[in-house]
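What follows is a single structure, written as structure tokens, with notes after it.
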Amino acid sequence: MGEAAEDTMKVPSTPAPPTVAVIGCGPGGMFFLHAIEMRRREMEEKGDLEGLASLPIVTCFERASVPGGVWRAKSTDGNPEQTDTTNMYEALWTNGPKEDIEFPDYTYDDHFHQPLPVYMPRQPLLDYMLCRVTRNCPHFFDAVRFNTNVTSVKWDEEKSKFVVATSNHETKEELTETFDKCIWAAGQNGKPSFPMSIKRLLKRGGFKGKCIHSSECEDFKTDVEGKRVVFIGDEYSAEDLALQAIKLGVEKVFICSRRGWGVATYTSAWPMKKVEACECMLPTEVIQDGRGLRLTKVYPDIETEEYEFADDGDTKDLLDIETVVFCTGYKPNLSMIEESMRPS
């Protein structure tokens, strides 16, 4: 009896599995959860009880009401009152070949069962990503707290843990929890990027039209149909939205390009000649009693990516402008991370 008790005491205790907080349930967050689930299934098939006991306990926080990150469109967010999420526009197509993001464990043939174009629209690719993670695990998103904004992440030196504060948009519940690990999976597109000098110019000059970011095009037909509009920026979103605007009956699109070598300005011909690229020109004045914009020539510096306005005064007046769309990309949103932990 004594020997049995002594043997029992020698059995090492299993350490508690690490706890992990994941910020964001876009592709990065989803695929981390998927990797954990794949490892769990593999260990269950092998009967690896020790491995299963050591798997991390993961909690994922997502401020939107559905997964997908920027691959969602605003209309699919499911929470119209949640305004600080970052979504893509309905008309988004990939700017790289689809083969770059195909998964070996769930191929395009597995999902679509038909040949596909090289470039893909947003919604089918989002469906593909969602189906990959849920097809063998219907309760995949149980570990995700939707409608939950991470308000603060700090490191507690004494406890050697991350302290994560959250707020739920629906219940208004606020929690503070500790985790062994914290993964920032909110991506590079956490918040819209605006050229603040142009935003201030439009406000100060009393521009009477509507100003939106490319992520705010859920009512794009109303914004462009029968109207003269200005796009600030000349990359892929400008190209996508210019073509979409033409389909929706826009009168004219002017694309302002400070550099003059973006994707949209490289396009030499547009349907019905409804798009005009204003190369190396930016708004410098609101005219026509708040209904027009004056553009001025700029000289970009390729190395510094800065620019200065031309001294010769080359200008172009755009009249009867009703909508300005900022096709100016995104920035990472690190506001919740303690400043000492942010990348320098």
- Message: Please list, ordered by chain and number, the residues whose modelled amide H lies under 5 Å from the amide H of SER152; skip anything fewer than 5 residues away on the same chain.
- Response: ALA165
- Task: Search the structure for amide H atoms under 5 Å from the amide H of PHE231, placed 1.01 Å from N in the peptide plane, and list their residues when 5 or more places away or on another chain.
- Result: PHE254, ILE255, CYS256, VAL325
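Expressed as a rounded percentage, what relative contact order does the chain have, with Cα pairs under 8 Å and six or more residues apart? Intermediate values should be presented prior to the final figure.
Details: 627 pairs, mean separation 59.1, N = 344.
Contact order relative to length: 17 percent.
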- Normalised per residue, the volume inside the convex hull of the alpha-carbon atoms of segment 201-334 in Å³ amounts to 122
- So how exposed is LYS161, as accessible area in Å² (1.4 Å probe, rounded to 10)? 60
- Obtain the nm distance between the two label points defined at ASN168 and LYS208 by a simple spin-label model: each point lies 7 Å from its Cα along the Cα-to-C-beta direction. 4.8
- What is the magnitude of the charge dipole of segment 150-247 about its Cα centre, with +1 placed on the Cβ of each Lys and Arg, -1 on the Cβ of each Asp and Glu, and no other charges, expressed in debye to the nearest 20? 740
- Note on the structure: Between GLN123 and LYS221, the two model label points (7 Å from Cα along the beta-carbon direction) sit apart by a distance in nm of 1.3
- Message: Once you order the gyration tensor axes a ≥ b ≥ c over the Cα atoms, which shape class does segment 163-230 get: rounded for a/c under 1.5, otherwise prolate or oblate by comparing a/b with b/c?
- Response: prolate
- If you place +1 on the Cβ of every Lys and Arg and -1 on the Cβ of every Asp and Glu, how big does the dipole about the Cα centre of segment 228-305 come out, in debye to the nearest 20? 440
- Message: Can you tell me the orientation of helix 122-134 relative to the chain, as the angle in degrees between its alpha-carbon axis and the longest Cα principal axis, to the nearest 10?
- Response: 0
- Item | 5 angstrom amide H check on GLY260, placed H, neighbours 5+ away | CYS280
- Please give the helix 236-247 orientation as an angle from the longest Cα principal axis of the chain, in degrees from 0 to 90, rounded to the nearest 10. 60
- Message: Let me check something: with ligands and nucleic acids excluded, how do LEU282, LEU319 order by accessible area (1.4 Å probe), largest to smallest?
- Response: LEU319, LEU282
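May I ask you to derive the FRET efficiency for GLU177 and GLU44 from their Cβ-Cβ distance with R0 = 22 Å, giving the value to the nearest 0.05?
Between GLU177 and GLU44 the formula returns 0.20.
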- For the chain, using Cα atoms only, the Rg and Dmax in Å read 25.3, 100
- Message: Using only Cα atoms and rounding to the nearest 10 degrees, what angle (0 to 90) does helix 27-46 make with the longest principal axis of the chain?
- Response: 20
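The values are calculated or read from the model by the stated rules, or taken from the named source; none is laboratory data. As the structure is a prediction and not an experimental result, all values here were calculated from the model. Note that we place each Cβ from the backbone using ideal geometry, even for glycine, and neighbour counts take in every protein chain shown. Accessible surface is based on the protein model in full, side chains and every heavy atom, while ligands, DNA and RNA are left aside. Shrake-Rupley method; radii C 1.70, N 1.55, O 1.52, S 1.80 Å.
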